[in-house]
Amino acid sequence: MTEDSSNNPTNADDTSAASDHEAPANGAQPNGQRASEPDRTQSRDRDMDELRRLLIGSEGKQIEGLQQRLSSVAQFEEEGQVDAMGRVLPGAIAYHNKDNAQLANALGPTIEETLRISIRRDPKPFADAIFPVIGPAIRRSIAEALRSVIDSMNRTMEHSLSFQSFKWRMEAARSGRSFSEVMLAHTLNYRVEQLFLIDKRSGILIQHLFAETVDVKDSDLVSSMLSAIQDFVRDSLGAEREDVLETIKIGELTVLMEPGPDAVLAAVVRGIPAGDLNLTLKEIIEAIHLQYGHLLDDFEGDTEQLTPVLPLMRAGLLEKYKRKDRNPYRLWFVAGVLLLLLSVWLIWGFRNYLLWNEYLETLRNEPGLVVTQTSWEKGQFIVEGLKDPMAVHPDSLLPSAFPQDRVVGMWESYLALDSLIIIKRATNQLRAPESIAFMLEKDTLYVAGTATNSWIENAREKSPFILGFSGYDDSRVVSTLDADLQAAIEAIEAATVQFGQGSAVLNSAELQQIDSVYDALETLQTISAARNQQLAVLLRGYTSAEGNPNTNALLSAARARIVRDALVARGMPAGLFSAVGEGDQLIPGTETSEAQRALNRSVTFDVVLQ
């Protein structure tokens, strides 16, 4: 006990000390006496309550309320009332829904919110629950849509370009009706064009459905007229109120009416309705009353409440077409045409394949072109490669029978080293005249032909910068100046001026020969001056062997001087010529004919360049 008293924080000594310092705060007595222990404890509890109220606030009251509810539930469990409520609650809900939907309306928002929160928290249980229902429904909807599209495509293909289609178009033009109306009249057994759900008591139109491409009139007016016709028939024939007029025939249209307890389903049918259509309409009106009978029973004109019946009514928009007998010969004909088209297509494709390969082979063998890749994309042939600027354009190599608009060429520039391309490059860059020819042997480019001196010099300067060869040889190139010089010399030295026997007189024919020699001499003078060469012309005179040799020597010299004087008279400088007589030595030997003797009686020319 001694040890416990010493360690207790509320022992007498500590309490006294605290009381001495905190007497005013702890409620000291007016006469200065210390407050008793119970008074100090109560004061401390009040302070803690006040602090708790300030910190917790209204939450404290909520906690107290929850504690009271838990106490009530516990009390119910102890008294067995919870189990009793669980047994009675389902029956009470069923009894309450028997006459009105007030409870359902009250619980609806709560249940919807609960489902929304539950699905947002974890959608998998909900998806697993509706999977057996939603899967078949989606598949059925897709199957119906596909079947409708396929039927429409089949009808369009069957009647687009056939002879029967042409007849129907002619009939449509004559009758003023549209082609679709004529086609339906010939191919349709029946089609439900409109469906009316009419309130049986008031005749008000509840819902209305109609097929596409149907010209819809005022649906409320149609519903009212059907109800009026029903009333007229009952009043006229004395029928019972529950009796319903089942069929009305109006031209190509038939109105079928299927009655129900609260509503009548009226179907507007084009064509001849089959027996299965009546059964379908009965099933629809029965399903509407089975699922929405309570809404029909309470119907007072608000059609929005009965919008959910539209999916059930939509099943009644049926179409049934006449079955067309298949002609086996027509099928064989169509198969033959298709086979023929397929054969033509295959032959055409194989032909293009061969032409394409031929084109590629030509490209591969063409100098300056390198094929790197070929492909086929979006109906076009694509060829990629490299092309030298000197190479021919690839499009020019396409076979004429190949469709050129289907070929796409993508070529990158490069410099080829083929000998033909190198020669083309040299011809282009050196601007060689047509008289120049190139030949590539190993690494040397040989040039031959005639050209001007300026071109020869320019080609020598540019040749080292042309790609494809390292050596350049123009030793076979003759300057046009040299060529003209040689031609002039040959023309002068080939000329002869002939004389008559024993004569040194020029006739008219020989004067024309001297004019030709003069023109050649004029050209020769110009070329020799350009080449800084000295020109000299030696005139040699000859005679035939007839007569005295001394006389012939004098005559031959006279003939050479006569030709010289004729050229000087035309403008040639006299110092250019040397005239000598050679006697009868032009054609050595025995003269056996007059032609030989005439040729010996002549003057010849020898050109000397220094």
*Packing-based ranking, highest mean first, of 349-356, 313-320 given that Cβ atoms within 10 Å are counted*: 313-320, 349-356
*Size of charge dipole - segment 348-408 - debye, nearest 20, with Cβ of Lys, Arg +1 and Asp, Glu -1, no other charges*: 140 debye
*Enumerate the calculated ³J(HN,Hα) couplings along segment 603-610 in order (Karplus 6.51 cos²θ - 1.76 cosθ + 1.60, θ = phi - 60°), each rounded to whole Hz, writing x wherever the residue is Gly or Pro.*
10, 10, 10, 10, 9, 10, 10, 10
_Nonlocal amide H pairs with ILE206, under 5 Å, H built at 1.01 Å_ = LEU197, ILE198, ASP199
*For VAL408, which sequence-distant residues (separation of 5 or more, or a different chain) have an amide H within less than 5 Å of its own amide H, given hydrogens modelled in the peptide plane?*
PHE381, ILE382, VAL383
*Dipole of segment 507-561, Cα-centred, from +1 at each Lys and Arg C-beta and -1 at each Asp and Glu C-beta, to the nearest 20 debye?*
240 debye
*Would you kindly derive the ³J(HN,Hα) couplings of segment 263-273 from the backbone phi angles with the Karplus curve 6.51 cos²θ - 1.76 cosθ + 1.60 (θ = phi - 60°), listing them in order in whole Hz, with x for Gly and Pro?*
8, 10, 9, 10, 10, 8, 10, 9, x, 9, x
_Heavy atoms of MET572: accessible area, 1.4 Å probe, square angstrom to 10_ = 10 Å²
_In whole Hz and in residue order, list the ³J(HN,Hα) couplings for segment 107-117 that follow from phi through the Karplus curve 6.51 cos²θ - 1.76 cosθ + 1.60, θ = phi - 60°; x for Gly and Pro._
7, x, x, 5, 5, 4, 5, 4, 5, 4, 5
*Filter the cross-link list LYS167/LYS217; LYS378/LYS424; LYS387/LYS462 down to pairs whose alpha-carbon distance in this structure exceeds 26 Å.*
LYS167/LYS217; LYS378/LYS424
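The values are calculated or read from the model by the stated rules, or taken from the named source; none is laboratory data. Every value quoted in this text rests on a predicted model; they were computed, and no experiment measured them. Please note: Cβ atoms are built from the backbone with ideal geometry, for glycine as well, and neighbour counts cover all protein chains shown. We work out accessible area using only protein heavy atoms, side chains counted, and drop any ligands, DNA or RNA first. Shrake-Rupley method; radii C 1.70, N 1.55, O 1.52, S 1.80 Å.
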